Amino acid sequence: MGRFGWRSRREGIPDEPALLAAAAENPGGSVAEIDSTYIDDPNGYVPTEAIRGAWLVDSSGKLTGEYQENPRHGVPQDDFSKLTDPDHWLGWLGDDPATAVRKGIEESLRAQVADAVVEWVKILETPRFLTGGRRHSEAEQVMLVTRAALAAPFALSVRTTQHGRSVLRGCSRGRR
């Protein structure tokens with residue numbers, strides 16, 4: 001099994017100039033086949049689900065004819081696992097921190113373009129958390145949270161009537 005899935009041989013090696021040029025630049029590696037249904041710019045951020053598979057490249061930069069299908073290929077989905085996996089208190093974001101962060105990003109985009117629709121959001125790195133507080137005056141073992149914040153690097157796809165789809169990268173910052 002390959003990086004994405006099962007390797008297979010395809011009938012005929014493609015002769016698309018862009019694919020052959022990318023292979024020549026990646027000897028011993030692979031060249032991904034990006035699904036343009038989900039991504040307009042293959043040189044920007046590409047979520048794993050938007051990769052159909054990859055052509056293997058030999059050590060001289062030529063396509064081998066072997067192809068690795070991506071079993072996760074399909075509609076990109078939200079991924080907030082890097083936000084919610086760390087054992088950090090996120091109570092200030094409510095019962096569903098992922099929904100709160102997504103909603104904040106959507107509201108920010110709609111403030112700029114009223115018909116903005118977020119297609120997917122992915123947290124790219126473990127966020128940085130800051131939580132501050134003071135001791136409770138009557139119970140020394142109790143800490144009262146006075147401020148909380150996080151910074152979460154993300155990528156997202158947003159669609160508007162006027163501009164179509166854009167894939168954006170940024171850092172979501174929230175605080176209370």
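Counting protein heavy atoms only, the chain has 46 percent of its accessible area on carbon and sulfur, 1.4 angstrom probe.
Taking all pairs of different Cα atoms in the chain, averaging 1/r and flipping that mean, what Kirkwood radius in angstroms comes out? Each step should come with its number before you reach the end.
Details: mean 1/r = 0.0522 Å⁻¹.
The Cα-based Kirkwood calculation yields 19.1 Å.
Residue 110 to residue 171: FRET efficiency via 1/(1 + (r/R0)^6), r the Cβ-Cβ distance, R0 22 Å, to the nearest 0.05? It would help to have the intermediate numbers written out before the result.
Values: r = 19 Å, r/R0 = 0.86.
Rounded to the nearest 0.05, the efficiency is 0.70.
Once the Cβ-Cβ distance of residue 145 and residue 24 is raised to the sixth power relative to R0 = 45 Å, the FRET efficiency obtained is 0.20. Ranking 70, 14, 108 by Cα position along the charge dipole of the chain, where only Lys, Arg, Asp and Glu carry charges on their C-beta atoms, puts 108 farthest toward the positive end. Extension gain for the segment residue 136 to residue 99, taken as residue separation times 0.36 nm less the Cα-Cα distance, is 10.3 nm to one decimal.
Accessible surface calculations at 1.4 Å, restricted to protein heavy atoms, place the chain at 64 Å² per residue.
Descending by average beta-carbon neighbour count within 10 Å, the peptides 136-144, 30-38 line up as 30-38, 136-144, the highest first.
By how many nm would the segment from residue 87 to residue 160 grow when fully extended, if each residue of separation counts as 0.36 nm and the alpha-carbon distance is taken off?
That pair, residue 87 and residue 160, stretches by 22.7 nm at full extension.
If both residues of a DSSP beta bridge must be in the chain, then about 95% of such bridges are antiparallel. Peptide packing for 81-88, 60-67, 128-135, 47-54 was compared via the average number of neighbouring C-beta atoms within 10 Å per residue; ordered from the highest value, the list is 47-54, 60-67, 81-88, 128-135. Partners of residue 82 within straight-line reach, counting lysines whose Cα lies under 24 Å from its Cα and excluding those fewer than 8 residues away in the same chain: 103, 122.
The values are calculated or read from the model by the stated rules, or taken from the named source; none is laboratory data. Predicted model only: the values in this text are computed from it and were never measured. Here the Cβ is made from the backbone with ideal geometry for all residues, glycine too, and neighbour counts use every protein chain on show. Side chains included, ligands, DNA and RNA excluded: accessible areas come from the protein's heavy atoms. Shrake-Rupley method; radii C 1.70, N 1.55, O 1.52, S 1.80 Å.
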